[in-house]
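Note sheet for the following structure.
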Amino acid sequence: MKRSFDNIANSYARLESLMFGNSLQHAREYALSAFDVTGAQKALLLGDGDGRFACRALQDNPLLQIDSIDISPSMLHCAKTRIQTSNPKLLARYNPINANALDHEYPLSHYDIVVTQFFMDCFKSNQANQLIAQLETTIKPNGRFAYADFSIPQRRAWNFTSRFLVAILYHCFRLTTDIRARRLPTLTWPESLESETKTEFLKGLLTCENRIKR
């Protein structure tokens, strides 16, 4: 079997729910507050997976247009199916792009908001920071970068447990997908992307942050 995110596209939501309940979805939906603040009309999603966030964002923002980049054709198909099932009219505002995010050419100052959720953890630190630098250029001034991902809490009681859980997740994903990362990347944010709001779920295992471009 070829390793690819296509292998888990149809079962991704069930696996996620089995391991974490609704916590990852709650973490995703934290980004919706950034849409409210900006009145976003043009959004870029990276690694949205099976489309649960895209579907909710389109439902809540009737003027929103979404470009969604994913390396997995099966994930994009799941997202389109979910959106169509919810409301076929929403598909007119959803543009799936099958591409490698690292190789994609991003237009300058084009998006009101860029969203990456449980996506940067697929990359090594140098790749993730290279991508952040690219994405910074495609955000309009006063636009937002909404981010959610796994993290290792500093609280001693949860530090070991979190490291163990993250290590298991990487092992499982490396067996089925083609990610090469083995640990969470260390992210370096450009000074132009100022932290605006931040929260945690599962005692710090999940971190969500909305940043504003100055």
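Bear in mind that the values in this text are calculations on the coordinates, not laboratory data. Computed from a prediction, not measured in an experiment: that's the story for all the values here. Cβ placement follows ideal geometry from the backbone for every residue including glycine, while neighbour counts extend to all protein chains displayed.
Answer with one residue from 78, 157, 58: the one whose Cα lies farthest towards the positive end of the charge dipole of the chain, charges on Cβ with Lys, Arg +1 and Asp, Glu -1.
Going by the Cα projections, it comes out as 157.
Please report, in debye to the nearest 20, how large the charge dipole of region 48-149 is about its Cα centre when each Lys and Arg carries +1 at its beta carbon and each Asp and Glu carries -1 there.
360 debye
Which one of 171, 142, 188 is farthest out on the positive end of the charge dipole of the chain, using unit charges on Cβ (Lys, Arg +1; Asp, Glu -1) and the Cα centre as origin?
171
Using θ = phi - 60° and the Karplus form 6.51 cos²θ - 1.76 cosθ + 1.60, what ³J(HN,Hα) does each residue of region 198-211 get, whole Hz, x for Gly and Pro?
8, 8, 10, 10, 6, 6, x, 5, 10, 10, 10, 8, 10, 10
Return the long-range amide H neighbours of residue 41 (sequence gap of 5 or more, or a different chain), with a cut-off of under 5 Å between placed amide H atoms.
Sorted by chain and number, the residues that satisfy this are 112.
Helix-only estimate, please: 222 nm mean residue ellipticity of the chain, summing -39500 (n - 2.57) across DSSP H runs of length 4 or more and dividing by its residues, to the nearest 500.
Computed mean residue ellipticity for the chain: -11500 deg cm²/dmol.
How far apart, in nm, are two points set 7 Å out from the Cα along the Cα-to-Cβ line at residue 108 and at residue 195?
3.1 nm
Regarding region 33-141, what is the average projected area of its C-alpha convex hull, in nm²? Display every interim value, and only then the final one.
Details: hull surface 25.6 nm².
Hull-based average projected area comes out at 6.4 nm².
Ranked from highest to lowest mean number of other Cβ atoms within 10 Å per residue, what is the order of the peptides 171-178, 71-78?
Final packing ranking: 71-78, 171-178.
Long-range amide H contacts for residue 146: which residues qualify at under 5 Å (H placed 1.01 Å from N, peptide plane, sequence gap of 5 or more or a different chain)?
Amide H neighbours of residue 146: 114, 115, 116, 211.
Quick one: 3J(HN,Hα) in Hz for region 141-146, Karplus 6.51/-1.76/1.60 with θ = phi - 60°, rounded, Gly and Pro as x.
So the Karplus estimates, Gly and Pro as x, are x, 6, x, 10, 10, 9 Hz.
If I model a spin label as a point 7 Å beyond the Cα along the Cα-Cβ vector, how far apart are those points for residue 14 and residue 127 in nm?
So the label points at residue 14 and residue 127 sit 2.8 nm apart.
Give me, ordered by chain and number, the residues 5 or more places off residue 177 or on other chains with an amide H under 5 Å from its own placed amide H.
The answer is 4.
Please list 3J(HN,Hα) in residue order for region 73-90, calculated via the Karplus relation 6.51 cos²θ - 1.76 cosθ + 1.60 where θ = phi - 60°; whole Hz, with x for glycine and proline.
So the Karplus estimates, Gly and Pro as x, are x, 5, 5, 5, 5, 4, 5, 4, 5, 4, 5, 5, 5, 5, 6, x, 5, 5 Hz.
For a quick check, take a GNM of the chain with Cα springs below 10 Å and name the residue from 157, 101, 40 with the largest mean-square fluctuation.
Looking only at 157, 101, 40, the largest GNM fluctuation is found for 157.
For the chain, what does the alpha-carbon gyration tensor say about shape, rounded, prolate or oblate, given a ≥ b ≥ c as the root eigenvalues, a/c under 1.5 as rounded, and a/b over b/c as prolate?
Since a/c stays below 1.5, the shape of the chain is classed as rounded.
What FRET efficiency comes out for the pair residue 37/residue 97, r = Cβ-Cβ distance, R0 = 22 Å, nearest 0.05?
Working: r = 25 Å, r/R0 = 1.15.
Efficiency computed from Cβ-Cβ geometry: 0.30.
Between rounded, prolate and oblate, where does region 155-214 land on the alpha carbon gyration tensor, with a ≥ b ≥ c its root eigenvalues, rounded for a/c under 1.5, else prolate if a/b exceeds b/c?
Judged from the Cα gyration tensor, region 155-214 comes out oblate (a/c at least 1.5, b/c at or above a/b).
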